[in-house]
Amino acid sequence: MNNVNQVAVWMDHASAHLIENPLNEIENVVVYSKLTHQERENAVERGEKKLHNTEQHEELAFYKKIGDLIRDYKEVLLFGPTEAKTELLNLLRTDHTFSDIKFTVENTDKMTGNQEQAFVREYFKKTLNKK
């Protein structure tokens, strides 16, 4: 996915859908958080502190994996229904590796795959028309 300059990431705390752009060739990659319902229950049984530590560790690993996938793009659109996109952006801003990437954050509702792709096409079409 690194021969294109633009990528969009629809995300919540459970998964991230990476959608490359040029408009005629969209490729989808899905990244899942490893903090499953079962792992959450297991951590709860061991205590609230353990759950909190597990959540933080898994969330950081989830965001790091997304960061690894988007590091070679010039423009990244982060969108979705939760604050996960903002949390990811705040984490990436602390790493100079991402300083040359233009990030945009958009709030959206939950979407189907087709809705995500349509949103990405429209977004990048608008940004192209502004240039």
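Do you know which residues across the stretch 67-108 are part of a strand (DSSP E or B) and open to solvent by less than 20 Å² (accessible area, probe 1.4 Å)?
GLU75, VAL76, LEU77, LEU78, PHE79, GLY80
Check whether at least one residue in the stretch 57-66 is on the phi > 0 side of the Ramachandran plot, loosely packed, with under 13 Cβ neighbours inside 10 Å, modelled with pLDDT under 85 and not hydrophobic (A, V, I, L, M, F, W, C), and report yes or no.
Looking through the stretch 57-66, none of the residues is on the phi > 0 side of the Ramachandran plot, loosely packed, with under 13 Cβ neighbours inside 10 Å, modelled with pLDDT under 85 and not hydrophobic (A, V, I, L, M, F, W, C).
The values are calculated or read from the model by the stated rules, or taken from the named source; none is laboratory data. Note that the structure is predicted; figures quoted are calculated from it, not measured. Neighbour counts run over all protein chains shown; Cβ positions are idealised from the backbone, glycine included. With ligands, DNA and RNA removed, areas are computed over all heavy atoms of the protein, side chains included. Shrake-Rupley method; radii C 1.70, N 1.55, O 1.52, S 1.80 Å.
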